[in-house]
Amino acid sequence: MNDPREDNSSPLQPGELRITQSRAFSYRAPRPRGAAATNYVVELTAQTSDGTEIVSYGEGHPRWAQTGDDAGSSWTFLVEVVRRLEGKVFMAADREEAVRSVRRVMQEMSLLAAERSVEEGHTRPFRGTSLGIEVSLLDLFAQHLGETLAGLLGKQRDSVPQVPETPISAGEVLEGVVADLEGIGETISIKFRGAVERESVLPTLRSLVGASGGESGRTVWIDAGSTLSVASSEALVDDVAAAFRSSSHQHHVFISQPFRSRSVEKLRGLQNYADEQLKSDTSLSVHIVADNNAWDAPELRDILETGSLGAVRVRPAQAGGLLAAIDLAEVASAAGVRVCLTGMGDESRLGASAEHQLALALPRVDLAEIGATVEQTLPLTEIAGEQRNVDTDPLAGKAATSQDSSLSENPEEADAVDEDDEGDFEDEGIPYFAEDASIASLETNGVSGLGVSVSFISLVNDVEKMETFPEPPLPEFEGMLPNVFDDIDDLHPLGARGSKGHLAEREALALGLTTTRYSKGVFLASDGHREPINFKWNRNPLVSGVALGLCTHKEATRLQLQRANVPVPQGRTFERGDLDSARMFAGRIGYPVVMKPAMGVRGIGVVANIQNEEELSQAHELMTGTRLGDQDFIVEKHINGKDYRIVVVGQRVVAAILREPASVVGDGKHTVAELLLNRNSARRRNPHLWARPPQYNAAAKYELQKQNLTIDSVPEPGRVVRLGSTNSLSQGGESMAVLEEMHPSILEACLKVMRSVPGMDYCGVDFLLEDHTKPLDEQDAGICELNAHAAIGNSQYPMFGTPKPVARIVMYEVARRFGLQVAAEPAENVALRVLIRGKISGVGFHRWLRRRALEAGVEGWVRSLDDKRIEAVLVGPTNATTGIVSSLINGPRRARPTSYVAEHIDKPLVEGFEIRPDRAGFEHLRIKTGRRIRKVLNWRRTNGR
Amino acid sequence: MDADGTLEDPPIHSFLRDGFEVHAAALERDLAVTVLPRQVLLVGSGNPVLGDASFVHGVPQSSTVAGVTFAQDKRVRRALLEKQGFSVPRGATFSIGKSARQAVEFAERIGFPVVVKPTMGDNTIGVIPSVSDAEQMREAIEYLHTPLDIREDFTRASYAMTELREPGLRDGVPVAPSSYRFLVEREVSGQYVRVLVVDGTVRSALYCPSGPWKPESGFQDITEVIDPSIASTAVKAAKVIPGLALAAVDMIVPNFRENTPSKDTVVVELSERPWLEAQWKLDPSLAAQLACQILSFELRGVPLGPTRSKITVQVRFDGAVAPAAFRDAYERQAARLDLKTELEVSDPALGHITGQVTGPPRLIAWLTETALDDGVEGHKAMVGEFHPL
């Protein structure tokens, strides 16, 4: 991308524009069932020569092998391109120049894509990702020129026949029952799966013909979901012919990719069969639609060299952009091949609008299947010209979270759900399409560009990954910058909660132990001599069952600690209505106190900071009025302290973090919104917090209101703006490591805790303290909870302050306690042989592993031993290699591994990552490889090499 | 004690049996005890805060949280047993939502009858044995939709995994979460034997002709006659899960008197709890004896005094919600059991009750377990401390 000027200082010439900020983010398209698809959004901010600022968007739809985005890390590729765009100056004085500029960028990008592809010889790398970049540029130039996107692309028509939103499922309409079809439009869609349903297509079609009422012809779109054999496809054509024969109108029936096989010959055969059957019938044409055969113009040209096609699907995410889709349609049009424009499904209005406007500009289009489904559940976008509504709040009406830390969510407890057993079957998601009238009207309303933008609330709440250039300054806390953890990339692939089950195993492997894993949470480690040590999530062998039984009961914990003279907030449960005893008690322990229902939920009826008897009576009255008012209630000492988590292993305090509600610090330049986005970006680089971003929700809005601010305010430099009321890290709270400053008397109290609970050598102590640097007897302080299976991640990965290797300390302590032989020092590199078992064949396990390994810089090989066992050798840096090992219990999407064993081997001679032939499947593999070679040759030929 | 000298206790829920028996055994041997909620028991006075040993539901402190958690996960337990070469019934786990249909197909494939068990949670609880056809299988899965806490026999140990999943909803009625998992196992025919292993030694072996769920079928104590090969398999199986000081191993064998290779000994349950209720049903004194062995194991060298049939203990209750009402109810109950009490509310503000109780140790233990679990006449306290005088 050397062509456009890269000059941040010189003034812009008329017609030029400079990209001042570029940003990429990803989000998950929500689906009612099945795995969510990830989309990428590119946002460009540019300045024109007259100082106008333009913000443009484009949405990419990476769909793994379906769009060539399996070539490597598509996100990394996207970020690299977006980084390069920042600061670029483009000349776009007219349409031709603008389109030329975009084509040039796309050309360079496709070269870069080939370079960044980790799969050697990948012929169509990162097409779905590239689409988003292209659309954002086209949107930018179109807005710049005051054109609609369709106008910029060369508008050809005003409307396009759409495949309707709701398909009729075959068999739904019975012969003779035509009443329901009265209102049906001219274009009809029928979806069915499997040969059985095929039988019922004929009556459905007949009803449709009957219902047409003789006014006009119909366009029928039949999607058989690639389920038919050649014979049943021909039977389907017969049915169609039988239903429409001798109709007085002209009907078009499109049959989309009926076979599982992608053979062009089969499609041609079926088209010939249809043409033959219908040769005498001029009122009906049947078009067999090729899908996935030709992604772009050169590929279609190749196919057409050997014969004709009835129709072809054009998918911009496969072509690699709107312009490439136009090129493809051009080739089709010239050869008389019909064109069906199709989206990838799971798109937002950003994607749908681009495709809709493309449909108006294609050289030929017979049918379009486009729709935005994301907004049905996620308010991602705003339509230009519609009222922007910052107050749209999905959480409005939910109770604000309570300040009472005892009621905050306990992330350690989130260990009950096991989704990783055998015998589970996932439904394949079926993309569906919804017409969006507002999208269709955008172009006709003359709104320039794409006409769709991203709502700020979504940007904060729904974004998974985000990068902005120029990179914004890092958020600070008391002069500290956020920690940078170099293992984030090794942990990321394990998923949102993945590191929780992994950290201990990483240390076990680093110390030379053999590990066996049975689920995301369960593994054992062994030195081959002693009894193995076992872990489930954060439950480890340093804690007795008795200790856990005690710690999960708050009153029991309080009383046991009191017996040991450890400082706890004094408290007691009272019978309902027994205000007299409560008054006596409060008088004894001293005000202020807190009153709450004994079996509280979500802070209902909780009154904190009660200062005297009168307030106590008022609080009691208030609580009695709530729906929990008929219970026993608790009165306890109110401690005006901050919330600390102190981790003790054996007789040693190993980490301490201070937890505070989410906040941002003003700089006098940025809005709260920008500061929050920036803060979330930093948080996304934290291995423990990346999947737990703070939200802009009712609580945040309420907090801002209290401070007389809105999301658009620009707070003065240094002003701390609170955005939440809960300290819970999973609710967006901040974490600061403070062990070094902690007063020895506090550490001593924590050690005393360990001597007060039976069989407790690992504990997360939740301490309320006014000031952690002061002695305990000079402040209000108390321990409010003990966590016998405290999460390691929150203390190992604090946002600010010196991190501590908690997992490593735990593993050393376990090894020491149980007498395991371990290495003196953790290894920096490992060579491991892993044996994986389960339902793992036929799901692309080898390719999945190879790609992971290549991305992580891990070398080795993989092969199948039989259809239930895979053997892999992984060699590389400990963090990267062990991260891959732990992810083997998940495998690729459809895999169901049940266990693996990872053991150390002498470092073998390996280079790169090889998929080795297995004994039984050798032939099979060679055929596959053969096809890859053919594909590569094909690509070289079509590219003139 | 009744006329023929056997123990006659007031009734106690089988879930509380283990904790109660160990508690009673400690009082009978003149040991101090501190009782905390959820059957946490601290025994002895060597350490004023911790005692000398501790238990939860009768599970000794040497059993780690990792150990008890593994034992409560039947999929992991099966995998570990299989890996070590033990026989387990053919089986697989499914969820009541997504893979219920596959479960029925699986049962048809491996052949009826099958046993259906919740994948996670207390062992031998919620087990549906002898499911004999697809229809019964569907009924069993339907039953598993019942929310856990309203199931008739449901129990959850203090150390069990917490259920945080949102309940499912069906026709507006709350049901178990759709990801709730269960295990389908082939029902093996043969003799059902339960072996209690403590610290690597067989302490008891029971023959349960129709399984441990049906005591009316007549349990037999076979500790002395079980073939050593089977006893040895039990001891080895108990070691499969690291961190279990104690395990009740349920196995199915062709004939417990005959030499049986490990491959013909099918392990069907491996519990972290002793489940002394089974032995108690056969002979209450057997349960008491075993509880004493468990106690003595965890006390490691702390000498046990002679068994006493009557004791006087100094008592202190803490955290009584309504102290005076609690004291009154406790004294009324004690009188019914022929216990002598002298109790006073020593600090009404803090909810302290102190005094003395005299009587048979088992009855004192029974009353305390009840008071901390459900309350006496509905009145509860949080902690009870008992020091022999």
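The values are calculated or read from the model by the stated rules, or taken from the named source; none is laboratory data. Values in this document were obtained by computation on a predicted structure and should not be read as measured data. Virtual Cβ from ideal backbone geometry, glycine too; neighbours counted across all protein chains shown. Areas reflect the complete protein model, heavy atoms only, side chains present, ligands, DNA and RNA absent. Shrake-Rupley method; radii C 1.70, N 1.55, O 1.52, S 1.80 Å.
Numbers at a glance
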item: Residues of segment B:239-255 classified as farther than 18 Å from B:F70 by Cα and either within 14 Å of chain A (Cβ to nearest Cβ) or open to solvent by less than 10 Å² (accessible area, probe 1.4 Å) (or both), total; result: 2
item: So A:I870, is it under 14 Å from A:S841 (Cβ atoms), surrounded by 22 or more Cβ atoms within 10 Å (Cβ to Cβ) and modelled with pLDDT of 95 or more; result: yes
item: Residue that is at pLDDT 75 or above and assigned by TED's automatic domain parsing to the domain that holds A:E305, where the choices are A:T219, A:T204; result: A:T219
item: Given (1) part of a loop (DSSP other than H, G, I, E, B); (2) surrounded by 24 or more Cβ atoms within 10 Å (Cβ to Cβ), index of the condition A:G549 fails; result: (1)
item: Single unsatisfied condition, B:S158 versus (1) away from chain A (no Cβ under 11 Å); (2) at negative phi; (3) modelled with pLDDT under 95; (4) assigned to a loop (DSSP other than H, G, I, E, B); result: (1)
item: All helices (runs of 4 or more DSSP H) inside segment B:266-337 with 1 or more residues being closer than 30 Å to B:A234 by Cα and either open to solvent by 60 Å² or more (accessible area, probe 1.4 Å) or in contact with a helix residue (DSSP H, G or I) (Cβ under 9 Å, 6 or more places away or on another chain) (or both); result: B:277-282, B:284-299
item: Hits in segment A:350-367 - residues which are open to solvent by 10 Å² or more (accessible area, probe 1.4 Å) and touching a helix residue (DSSP H, G or I) at 6+ places or on another chain (Cβ under 6 Å); result: A:H356, A:P363, A:R364, A:V365
item: Qualifying positions in segment B:37-60 - in contact (Cβ under 8 Å) with a residue 60 or more places away in the chain, surrounded by fewer than 24 Cβ atoms within 10 Å (Cβ to Cβ) and within 8 Å of chain A (Cβ to nearest Cβ); result: B:P37, B:R38
item: Positions within segment B:332-374 being farther than 14 Å from B:R316 by Cα, touching a residue at least 40 places away in the same chain (Cβ under 8 Å) and within 14 Å of chain A (Cβ to nearest Cβ), in sequence order; result: B:D373
item: Scan of segment A:297-313 for residues that are under 33 Å from the mean Cα position of the chain (by Cα) and either outside the structural domain of A:P258 (by TED's automatic domain parsing) or open to solvent by 20 Å² or more (accessible area, probe 1.4 Å) (or both), ordered by number; result: A:E299
item: Given (1) open to solvent by less than 40 Å² (accessible area, probe 1.4 Å); (2) modelled with pLDDT under 90, index of the condition A:L322 fails; result: (2)
item: Selection within segment A:496-527 - of a type outside the set (S, T, N, Q) and in a helix (DSSP H, G or I); result: A:G498, A:K500, A:G501, A:H502, A:L503, A:A504, A:E505, A:R506, A:E507, A:A508, A:L509, A:A510
item: Selection status of A:T573, touching a helix residue (DSSP H, G or I) at 6+ places or on another chain (Cβ under 8 Å), of a type in the set (S, T, Y), open to solvent by less than 40 Å² (accessible area, probe 1.4 Å) and more than 7 Å from chain B (Cβ to nearest Cβ); result: no
item: In segment A:476-516, residue modelled with the lowest pLDDT [restricted to those that are crowded, with 24+ Cβ neighbours inside 10 Å and among the hydroxyl-bearing types (S, T, Y)]; result: A:S499
item: Entirely in segment B:180-262, the strands (runs of 3 or more DSSP E) that have 1 or more residues that are without any contact (Cβ under 8 Å) to a residue 60 or more places away in the chain and touching a Ser or Thr at 6+ places or on another chain (Cβ under 9 Å); result: B:191-198, B:201-207, B:246-253
item: Lone unmet requirement of (1) away from chain A (no Cβ under 12 Å); (2) buried (at least 24 other Cβ atoms within 10 Å of the Cβ); (3) not basic (K, R) for B:T34; result: (1)
item: Within segment A:9-80, strands (runs of 3 or more DSSP E) holding 2 or more residues that are within 18 Å of A:A113 (Cα to Cα); result: A:37-48, A:53-60
item: The listed residue being hydrophobic (A, V, I, L, M, F, W, C), open to solvent by less than 10 Å² (accessible area, probe 1.4 Å) and away from chain B (no Cβ under 13 Å), out of A:V814, A:V843, A:V834, A:V757; result: A:V834
item: Scope segment B:135-155; condition more than 14 Å from chain A (Cβ to nearest Cβ), open to solvent by 50 Å² or more (accessible area, probe 1.4 Å) and in a helix (DSSP H, G or I); matching residues; result: B:E135, B:Q136, B:R138, B:E139, B:E142, B:Y143, B:I150
item: Residue match in segment B:5-16 (condition: more than 10 Å from chain A (Cβ to nearest Cβ), among the charged types (D, E, K, R) and either open to solvent by 10 Å² or more (accessible area, probe 1.4 Å) or more than 30 Å from B:E187 (Cβ to Cβ) (or both)); result: yes
item: Failed condition for A:R539, given (1) under 20 Å from A:V647 (Cα atoms); (2) touching a helix residue (DSSP H, G or I) at 6+ places or on another chain (Cβ under 8 Å); (3) open to solvent by 10 Å² or more (accessible area, probe 1.4 Å); (4) at the interface with chain B (Cβ under 9 Å from one of its Cβ atoms); result: (3)
item: Segment A:793-810 - residue that is closer than 25 Å to A:E478 by Cβ and aliphatic (A, V, I, L, M) and, of those, farthest from the other protein chains (Cβ to nearest Cβ); result: A:M799
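So that you can scan it fast, the table gives a plain yes or no per residue for (1) closer than 24 Å to B:K83 by Cβ; (2) assigned to a helix (DSSP H, G or I); (3) touching a Lys or Arg at 6+ places or on another chain (Cβ under 8 Å); (4) free of Cβ contacts under 8 Å to residues at least 24 places away in the same chain:
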residue	(1), (2), (3), (4)
A:G838	yes, no, yes, no
A:S841	yes, no, yes, no
A:W848	no, yes, no, no
A:L854	no, yes, no, no
A:W861	no, no, yes, no
A:S864	yes, no, no, no
A:E871	yes, no, yes, no
A:V875	no, no, yes, no
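Yes/no matrix, rows are residues, columns are (1) farther than 13 Å from B:E385 by Cα; (2) not in a strand (DSSP E or B):
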position	(1), (2)
B:V22	yes, yes
B:L27	no, yes
B:D30	yes, yes
B:V35	no, no
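Here's the yes/no breakdown for (1) in contact with a His (Cβ under 6 Å, 6 or more places away or on another chain); (2) more than 7 Å from every other protein chain (Cβ to nearest Cβ); (3) part of a helix (DSSP H, G or I); (4) of a type in the set (S, T, Y):
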| site | (1), (2), (3), (4) |
| --- | --- |
| A:A556 | no, no, yes, no |
| A:L561 | no, yes, yes, no |
| A:R583 | no, yes, yes, no |
| A:M595 | no, yes, no, no |
| A:I604 | no, yes, no, no |
| A:S617 | no, yes, yes, yes |
